[in-house]
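Only one structure is covered here, and it is reproduced in the block below.
Just so it is clear, none of the values below were taken in a lab; they were calculated from the coordinates. Worth saying up front: this structure is predicted, and the values here are computed from it rather than measured. Note that we place each Cβ from the backbone using ideal geometry, even for glycine, and neighbour counts take in every protein chain shown.
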Amino acid sequence: MRADFFIRRLQTFGPAIVLALAISAVRAEQAFPLSQLDLSKVQQGWGDPHANQSVEGHALSIGGQTFTNGLGTHAYSELLVNVDGNAEKFTAQVGVDDEVGAGRGNAQFEVLGDGRLLWRSAVLHGGDAPQSADVSLGGIKQLTLIVSSGSNNIDYAHADWANAEINMRAGAPEAVSPPQEPAVILTPQPSPEPRINGTRIFGVRPGTPFLFTIPATGDRPMTFGADHLPKGLRLDSQTGRITGELKKAKTFIVTLHAKNALGEAQEQFKIVCGPQIGLTPAMGWNSWNCFASAVTEEDIKAAADAMVKSGLINHGWTYINIDDFWEVNPHRADDPTLQGPQRDAEGRILPNPRFPDMPGLTAYVHGQGLKIGLYSSPGPWTCGGCVASFDHELLDAQRYAQWGFDYLKYDWCSYKPELESHRGHSAEFVKQLGGWSGSTPTDRAQLMRPYAIMHAALEKQPRDILFSLCQYGMGDVWKWGAQVGGNSWRTTGDIRDTWSSMSANGFGEAGEGKYAGPGHFNDPDMLVVGYVGWGPSLHPTRLTPNEQYTHISLWCLLASPLLIGCDMTKLDPFTLSLLSNDEVLAVDQDPLAQQASRVADDGTQQVWAKDMEDGSKAVGLFNLSRSDVKVVAQWSELGLTGRQRVRDLWRQKDLGEFSDRFETTVPPHGVVLVRMWPVK
Ligand code: GAL
């Protein structure tokens with residue numbers, strides 16, 4: 001009886017109950033403003049994320065429209081949000097904040113669901129109207145919100161996710177940090193038998209001091225030999241150092257030998273005596289990404305010691321470079337270690353008290369078989385406000401050469417084209433300048449001029465000084481950096497130890513490869529592995545282990561200068577393994593000096609490839625998403641035909657032969673780096 005009664009009641013009221021449940025479900029759906037999530041989880045290329053304000057702290061405003069709600073960030077920016085399959089949709093109005101001014105900045109907004117691209121905006125600029133995103137999230141577990149710059153220059157990319165909301169059927173969205181990963185060492189231990197590493201081609205100008213240390217791994221004691229060494233050069237068979245001087249422009253093919261109790265290795269080495277130096281990208285260390293304005297002479301000596309003690313010198317690492325803050329800094333009166341006379345009576349630059357003996361310091365570094373570099377700016381002040389080279393270029397170049405420096409990083413900062421009309425009597429004008437912010441002309445001749453002046457001054461010196469341009473990519477520097485004698489030129493703003501910064505700098509190099517070649521390279525900035533921190537306090541890199549593999553692999557594919565940015569005295573085994581894989585480093589140092597091109601890109605996976613001198617190809621299969629993905633390198637995209645032998649370079653293991661494609665699963669933000677040889 002009772003059951004019958006209930007069934008009848010259900011038949012009568014069933015539809016009404018279903019309707020009521022549906023209504024309550026609709027009511028349960030709730031909109032969560034993005035601005036209410038934990039924004040400390042946002043990773044971004046510059047500044048801090050702000051709730052309901054722009055990155056600079058103004059009211060959110062896009063194309064003249066203001067918004068009271070949203071997230072103000074800066075490209076490259078990334079936020080992970082767990083929605084656990086309970087989200088309905090994501091909506092927002094996106095654009096570049098009006099605070100940057102019309103036409104400035106580029107920002108491209110992307111919404112990813114479980115690593116797959118769901119929505120992408122146009123590349124937006126300051127002043128553009130907001131673009132609406134209305135993205136369905138059915139079944140998605142994790143949402144990723146990305147702002148890239150749509151190019152490799154993130155300047156002014158102040159990006160607003162205005163009115164951004166996640167609609168949830170149940171639960172609440174949660175902003176999360178990227179997952180923790182174990183640091184797995186892939187590089188095998190170097191063999192105890194001798195192996196000669198590093199560059200196979202070396203440029204030197206006639207009449208300049210020659211220094212090359214044969215980089216070789218293997219048990220010590222080791223002795224070195226060199227067949228057909230040209231007249232004027234000599235080899236120290238104990239240290240493997242080749243020194244001397246070549247008088248005439250000519251190319252020499254030398255055979256290098258390294259021998260120990262277990263065997264002997266030999267390699268061909270080409271010495272090209274002529275106008276071009278730096279034929280393969282510079283490998284070394286620079287003080288900025290660890291010590292920044294705190295750098296001292298002791299730090300430089302310690303870095304040189306560690307380069308030798310860690311064995312990195314045996315893998316081809318050579319330069320020990322002092323960045324900014326070796327000079328006097330009148331703008332930092334609070335710091336006595338930066339004070340003193342700026343130049344002597346003849347106008348020659350003087351170092352600050354932290355660097356009391358420059359010739360002694362260069363001799364110390366050379367005495368270890370290494371080379372040494374320093375830093376200046378074409379304006380009156382460096383980026384940190386120290387004394388720089390404007391109107392003293394020749395004197396400074398002479399000074400660097402006399403001191404014994406081998407490398408100059410020349411950083412735009414306070415330079416302005418207006419300075420040029422004040423040469424010879426610039427002191428008054430410089431005073432009027434006040435601070436040390438420069439200007440960013442669009443005229444190519446104006447951009448080239450200060451670099452051409454310093455290059456001419458360097459050329460006059462009886463010493464080879466590698467010339468590294470730094471001006472963050474202004475005026476498409478890659479198109480003309482070689483014309484002003486640049487051995488490399490920074491293509492981007494400063495790198496930081498975040499995925500957003502590193503990946504924007506590295507992957508942003510697409511399309512610039514045709515401007516690189518032997519002796520002149522694109523430079524997406526220094527390495528951010530190991531203990532970094534812009535001094536004095538340091539921290540382990542915030543890149544995950546896979547991101548670090550991506551960083552090193554990409555920089556090697558790009559034939560980028562490799563300048564270690566960490567405290568060399570705190571090298572841990574994982575960092576050391578990243579910097580000492582000779583098969584990986586050989587991709588960077590290949591004599592063909594080709595920069596890899598991006599041959600495939602679907603938003604979350606990219607394939608980059610470059611030709612190697614021996615007819616093989618180096619290929620990077622990259623995963624830009626937060627989950628494992630299968631990445632495919634198709635022969636049709638690589639320009640290959642026929643069977644290829646494929647070798648994993650990090651693991652130094654052959655993977656077999658493949659006939660039309662190579663595919664592999666790549667971990668989140670990770671890479672598989674391979675080399676392919678045609679099967680004869
Ligand atoms: C920046 C440059 C950095 C570092 C710094 C020194 O402009 O990009 O790499 O050299 O100046 O002040």
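Taking the dipole about the Cα centre of the chain, with the C-beta of Lys and Arg at +1 and of Asp and Glu at -1, give me whichever of LEU279, SER437, MET222 is farthest to the positive side.
MET222
To make sure I understand the rule: partners must be aspartates and glutamates, Cα under 17 Å from the Cα of LYS309, and not fewer than 8 residues away in the same chain. Which ones qualify?
Filter leaves ASP219, GLU298, ASP299, ASP567, ASP572.
Assigning unit charges at the beta carbon (Lys, Arg +1; Asp, Glu -1) and nothing else, what dipole magnitude in debye, to the nearest 20, does region 195-273 show about its Cα centre?
360 debye
Quick check on the exposure proxy: order ASP601, ASP324, ASP582 from fewest to most C-beta atoms within 10 angstrom.
On the way: ASP601 14, ASP324 24, ASP582 20.
By the 10 Å Cβ count, ascending, the order reads ASP601, ASP582, ASP324.
Under 4.7 Å Cβ to Cβ, no partner at all: give me those cysteines from the chain, in residue order.
Among the cysteines of the chain, those whose Cβ sits 4.7 Å or more from every other are CYS273, CYS290, CYS386, CYS470, CYS556, CYS566.
Any idea how far the Cα center of region 227-255 sits from the one of region 393-428, in Å?
33 Å
Take the alpha carbon gyration tensor of region 169-314, find the square roots of its eigenvalues, order them as a ≥ b ≥ c, and report rounded if a/c is under 1.5; if not, report prolate when a/b exceeds b/c, else oblate.
Numbers: a/c = 2.33, a/b = 1.80, b/c = 1.30.
In terms of gyration-tensor shape, prolate.
Taking the Cβ of each residue in GLU512, GLU346 as the centre, tally the other Cβ atoms inside 10 Å and list the residues starting with the fewest. Before the final figure, lay out the partial values.
Numbers: GLU512 20, GLU346 7.
Fewest to most other Cβ atoms nearby, the residues stand as GLU346, GLU512.
Among the listed pairs LYS231/LYS301; LYS409/LYS514; LYS250/LYS301; LYS460/LYS570, which are separated by more than 28 Å between their Cα atoms? Write out the running numbers ahead of the final one.
Numbers: LYS231/LYS301 33 Å; LYS409/LYS514 23 Å; LYS250/LYS301 35 Å; LYS460/LYS570 39 Å.
Over 28 Å Cα-Cα: LYS231/LYS301; LYS250/LYS301; LYS460/LYS570.
What dipole magnitude, in Debye to the nearest 20, does region 105-252 give about its Cα centre under +1 on Lys/Arg Cβ and -1 on Asp/Glu Cβ?
My answer is approximately 1240 debye.
Given LYS259/LYS680; LYS270/LYS610; LYS270/LYS371, which pairs have Cα atoms separated by over 24 Å? Each step should come with its number before you reach the end.
Numbers: LYS259/LYS680 32 Å; LYS270/LYS610 22 Å; LYS270/LYS371 20 Å.
LYS259/LYS680, as the Cα separations exceed 24 Å there.
Taking Cα centroids, how far is region 468-525 from region 316-360 in Å?
Cα centroid of region 468-525 versus Cα centroid of region 316-360: 27 Å apart.
Would you calculate the separation in nanometres between label points at ALA59 and VAL308, each defined as 7 Å from the Cα along the Cα-to-beta-carbon direction?
It works out to 6.4 nm between the two label points.
What is the sum of charges around LEU361, taking Lys and Arg as +1, Asp and Glu as -1, for the other residues whose C-beta is under 9 Å from the C-beta of LEU361?
Working: positive: LYS301; negative: GLU297, ASP357.
Result for the local shell: -1.
If the cut-off is a Cα-Cα distance under 28 Å, which lysines reach LYS89, setting aside same-chain residues fewer than 8 apart in sequence?
LYS41, LYS141, LYS630
For region 598-678, what does the alpha-carbon gyration tensor say about shape, rounded, prolate or oblate, given a ≥ b ≥ c as the root eigenvalues, a/c under 1.5 as rounded, and a/b over b/c as prolate?
Numbers: a/c = 1.82, a/b = 1.49, b/c = 1.23.
Prolate shape, in that a/c is at least 1.5 and a/b is the bigger ratio.
Just want the ordering: ILE320, ILE277, ILE62, ILE253, from fewest to most Cβ atoms lying within 10 Å of their own Cβ.
Details: ILE320 32, ILE277 19, ILE62 25, ILE253 11.
The fewest-first ordering by Cβ neighbours comes to ILE253, ILE277, ILE62, ILE320.
So, with +1 on the Cβ of K and R and -1 on the Cβ of D and E, and no other charges, what is the size of the charge dipole of the chain about its Cα centre, to the nearest 20 debye? Please list the in-between numbers first.
Details: 58 positive and 76 negative charges, 296 e Å.
Rounded to the nearest 20 debye, it is 1420 debye.
For region 427-530, rounded, prolate or oblate, judged on the Cα gyration tensor with a ≥ b ≥ c (square roots of eigenvalues), a/c < 1.5 rounded, else prolate if a/b > b/c?
Numbers: a/c = 1.71, a/b = 1.25, b/c = 1.37.
Taking the square roots of the gyration eigenvalues as a ≥ b ≥ c, region 427-530 is oblate.
Just report the Cα centroid separation between region 173-201 and region 578-601, whole Å.
15 Å
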